[in-house]
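Single-structure report; data block below.
The values are calculated or read from the model by the stated rules, or taken from the named source; none is laboratory data. No experiment lies behind these values; they were computed from the predicted model shown. Quick reminder, even Gly has a Cβ in these numbers, built from the backbone with ideal geometry, and neighbours come from all protein chains shown.
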């Protein structure tokens with residue numbers, strides 16, 4: 001049962017992304033005009049359009065009958081941009097229950113139930129927490145020091161099913177390299193399913209990139225375009241359901257609904273990409289965007305981690321509570 005819940009929905013891990021990016025520069029339409037189709041060389045499980053001339057690697061990596069993992073890695077010709085969708089190194093997870101603890105398991109230990117999957121023992125991490133854990137691991141060796149600029153909760157791609165908890169989030173980092181300042185970004189969604197006294201959880205969506213700051217907007221657009229072309233083979237998915245022992249007909253209907261919802265999500269996130277680019281730019285500059293409830297005027301103020309207030313002289317005051325006098329609160333826009 002654990003294999004069924006973990007790998008039926010987990011296979012779609014690579015198909016969605018919460019957009020990144022920030023500010024005052026407008027999001028530039030991705031300059032790439034030439035694309036080519038990359039097909040999964042291992043199991044023909046999926047296809048995706050990738051930039052022509054980029055080094056593209058990946059496919060389906062199978063760690064057990066019920067443990068296929070998808071990853072696509074795209075590196076620009078100059079080696080300065082790296083976009084990754086999914087990651088075969090990320091296993092499904094089993095929470096550290098009293099039963100596992102009594103058997104000598106600790107967090108980080110591998111767990112191979114019924115020899116059908118290679119799980120790791122780890123307690124549940126919400127999407128935004130996992131995004132940071134993954135980002136620290138993925139990027140710390142590529143640029144240093146890695147500075148967390150923002151961590152935010154995001155709307156999950158998947159809805160909660162029966163006995164499920166789904167959370168999502170994104171993180172943004174800055175770092176330095178010999179070639180100049182870099183931007184690192186991760187979006188992750190995690191899903192926990194309760195089963196009697198135990199459960200299992202997985203990373204249902206994972207997308208990341210590393211790019212020069214000046215090319216961050218272009219990299220975002222490239223990622224969004226690639227993801228909008230991602231398609232899982234229905235025949236392959238049906239075979240996987242049969243291996244899982246799922247009720248194939250009903251599960252295929254769920255699969256089609258999920259893919260339709262994903263395409264709608266792409267449209268929403270692409271439309272919001274300028275707003276998120278603005279948001280990322282503010283994070284880099286260390287400012288918040290506020291809106292005056294009286295006249296609707298927007299102001300950028302220094303981000304201090306507390307509430308912003310404004311008085312009659314239009315002086316900004318930062319305080320967790322109202323400082324008194326003729327002041328009004330300036331709500332921070334997301």
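State which residue pairs qualify: first residue surrounded by fewer than 23 Cβ atoms within 10 Å (Cβ to Cβ) and inside segment 220-232, second residue in a helix (DSSP H, G or I) in any location, beta carbons under 6 Å apart, and separation of 6 or more residues or different chains. Pairs that qualify, where the first residue is surrounded by fewer than 23 Cβ atoms within 10 Å (Cβ to Cβ) and the partner is in a helix (DSSP H, G or I), are 224/270; 228/266. Take residue 83 and decide whether it is touching a helix residue (DSSP H, G or I) at 6+ places or on another chain (Cβ under 6 Å) and closer than 30 Å to residue 37 by Cβ. It is true that residue 83 is touching a helix residue (DSSP H, G or I) at 6+ places or on another chain (Cβ under 6 Å) and closer than 30 Å to residue 37 by Cβ. Among the residues of segment 41-61, those identified as surrounded by fewer than 20 Cβ atoms within 10 Å (Cβ to Cβ), assigned to a loop (DSSP other than H, G, I, E, B) and in contact with a helix residue (DSSP H, G or I) (Cβ under 8 Å, 6 or more places away or on another chain) are 43, 44. Scan segment 173-187 residue by residue and report those that are buried (at least 24 other Cβ atoms within 10 Å of the Cβ) and over 15 Å from residue 145 (Cβ atoms). The answer is 185, 186, 187.
One residue stands out in segment 62-79 among those that are over 20 Å from the mean Cα position of the chain (by Cα) and more than 26 Å from residue 34 (Cβ to Cβ): the one that is surrounded by the most Cβ atoms within 10 Å (Cβ to Cβ), namely 66. Applying the criterion of being touching a strand residue (DSSP E or B) at 6+ places or on another chain (Cβ under 9 Å) and without any contact (Cβ under 8 Å) to a residue 60 or more places away in the chain to the residues of segment 80-100, the residue that is surrounded by the most Cβ atoms within 10 Å (Cβ to Cβ) is 91.
Taken over segment 52-79, the residue count meeting the criterion of being touching a strand residue (DSSP E or B) at 6+ places or on another chain (Cβ under 6 Å) and farther than 15 Å from residue 236 by Cβ is 11. Entry remark, segment 282-330: residues being part of a loop (DSSP other than H, G, I, E, B) and under 22 Å from residue 172 (Cβ atoms) number 5 in total.
Every residue, every condition in (1) modelled with pLDDT under 80; (2) under 30 Å from residue 218 (Cα atoms); (3) not assigned by TED's automatic domain parsing to the domain that holds residue 182, yes or no:
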{"residue": "256", "(1), (2), (3)": "yes, no, no"}
{"residue": "259", "(1), (2), (3)": "yes, yes, no"}
{"residue": "262", "(1), (2), (3)": "yes, yes, no"}
{"residue": "266", "(1), (2), (3)": "yes, yes, no"}
{"residue": "272", "(1), (2), (3)": "yes, yes, no"}
{"residue": "275", "(1), (2), (3)": "yes, yes, no"}
{"residue": "278", "(1), (2), (3)": "yes, yes, no"}
{"residue": "299", "(1), (2), (3)": "no, yes, yes"}
{"residue": "320", "(1), (2), (3)": "no, no, yes"}
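Restricting to segment 102-132, what's the tally of residues that are outside any loop (DSSP other than H, G, I, E, B) and out of contact with any strand residue (DSSP E or B) (no Cβ under 9 Å at 6 or more places or on another chain)?
3
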